[in-house]
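Structure, as structure tokens:
Each reported figure results from applying straightforward, stated rules to the coordinates on display, with no laboratory input. Just so it is clear, the structure is predicted and the values come from calculations on it, not from any experiment. Reconstructed Cβ throughout: ideal geometry from the backbone, glycine too, with neighbour counts over all protein chains shown.
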Ligand code: NAD
């Protein structure tokens, strides 16, 4: 297979972890006889410095023409000024919207070799295997916002807005994913308070009854979900929710695994390229030290092979290699507790070697 993959290494540790994921994709290509053409483009803070905008037009055009996009992370203290004309995060929101990436998939499956890395007890998290699907291009992050005068000074507002079509497409994608897993879908909302949630409930109920009668469906209020995630995470299979709730719940969920450095995500729409990235940020506190954990980005590359290139066997080979490396005791600093650790490069090389010897 010939495929074009755009790399957006971004800022901070982004370039360090993306480099390791590229090494892994290259060894997969040579083992399975594929050709991946990589094109690196500016995005985030570095693009603000070089082009005056976090998402230059040429970067967006390259992404549109690609089969898939692999992103490191963007942002950092240099671009944090709240009064700045633009910020790295604006590039993230824009690329999601422009590529129509309406669903963000985040698998949360703690590694059996790292159960003690989680702040939760191992008997609570052991066996957890959740696929979170967060709606990504609607809701309060994209609704009307602004400020206006108020008797006390000012008032600020953000509008949470969803339409039927936006809900239908992400629910269908989630329910289809549940069919290939344990046939269970949970929808998280706040329908006791929010009108937007009441539309979610109505649309999701209809789609599930008409199109997915074989998938078990339940509804949980977002405040209750925040508790259930910590007390009974094993009970959930696929969880779908709107943008703001998903943003918060997926970060909470990431703690089940113990480290931000282990979790990948995929942002998908149809048709067109998907965007794959680790869930962590640019970690300016450790950038340049060579100690970042590259496994989340390597696992994001596995998701890229699975979802955009339909290379399931190749994706599984990467996931197995990561599991082997962890099972043989290798750890980057973030998951090493007080034990010995390997560098970003060494961890990448260990995964490459595990893939190289079938
Ligand atoms: P962060 O995820 O960058 O870091 C949080 C903590 O986790 C830090 O202590 C960091 O060292 C550690 N960490 C993160 N990734 C790691 C890895 N791979 N290996 C080892 N340790 C890791 O979050 P933050 O500090 O809140 O944000 C830093 C910058 O990243 C901010 O500018 C923020 O806006 C940006 N950010 C970007 C994205 C993105 O690009 N999608 C996501 C979140 C935050």
With a Förster distance of 56 angstrom and the Cβ-Cβ distance between residue 150 and residue 320, calculated FRET efficiency to the nearest 0.05 equals 0.45
By count of other Cβ within 10 Å, fewest leading, how are 150, 330, 51, 280 ordered? 150, 51, 330, 280
Among 82, 233, 278, which one shows the biggest mean-square fluctuation in a GNM of the chain, springs joining Cα atoms closer than 10 Å? 82
Sequence-separation-based contact order of the range 295-358, relative, with Cα cut under 8 Å and 6+ spacing, percent: 29
Could you work out the relative contact order of the chain, using alpha carbon pairs under 8 angstrom and six or more residues apart, expressed as a whole percent? 23
Could you tell me what percent of the DSSP beta bridges with both partners in the chain are antiparallel, to the nearest 5? 40
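Within a 10 angstrom radius of the beta carbon, how do 157, 162, 276, 141 rank from fewest other beta carbons to most? Could you put the intermediate results ahead of the total?
Details: 157 10, 162 23, 276 28, 141 18.
Placing the least packed residue first, the sequence is 157, 141, 162, 276.
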Would you mind telling me which residue in 319, 168, 144 has the biggest mean-square fluctuation in a Gaussian network model of the chain, where springs connect alpha carbons within a distance under 10 angstrom? 144
Considering only DSSP beta bridges whose two residues both sit in the range 119-256, what percent are antiparallel, to the nearest 5? 30
Normalising by the residue count of the range 119-256, find the relative contact order in percent from Cα pairs under 8 Å and 6+ residues apart. 39
For the chain, the Kirkwood Rh over every pair of distinct alpha carbons, in Å, works out to 21.1
With a ≥ b ≥ c taken as the square roots of the eigenvalues of the C-alpha gyration tensor of the range 225-358, please select rounded if a/c is under 1.5 and otherwise prolate if a/b is larger than b/c or oblate if it is not? oblate
Just how far, in whole angstrom, is the range 150-181 from the range 291-323 if you go by their alpha carbon centroids? 29
Inter-centroid distance (Cα atoms) of the range 69-139 relative to the range 25-55, Å: 19
Cα convex hull of the range 139-243, projected area averaged across orientations, nm²: 8.0
Over the Cα atoms of the range 14-164, compute the convex hull volume and normalise it per residue, giving Å³. 226
Footprinting exposure proxy for 216, 190 (fewest neighbouring C-beta atoms within 10 Å first): 216, 190
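For the range 95-186, take N as its residue count and report Rg(C-alpha) divided by 2.2 N^0.38 Å.
This ratio for the range 95-186 stands at 1.55.
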Quick one: among 246, 146, 269, which has the greatest mean-square fluctuation in a GNM of the chain with alpha-carbon springs under 10 angstrom? 146
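Can you show me the helix-derived [θ] at 222 nm for the chain, built from DSSP H runs with n ≥ 4 at -39,500 (n - 2.57) apiece and divided by the number of residues, rounded to the nearest 500.
My calculation for the chain gives -12500 deg cm²/dmol from helical runs alone.
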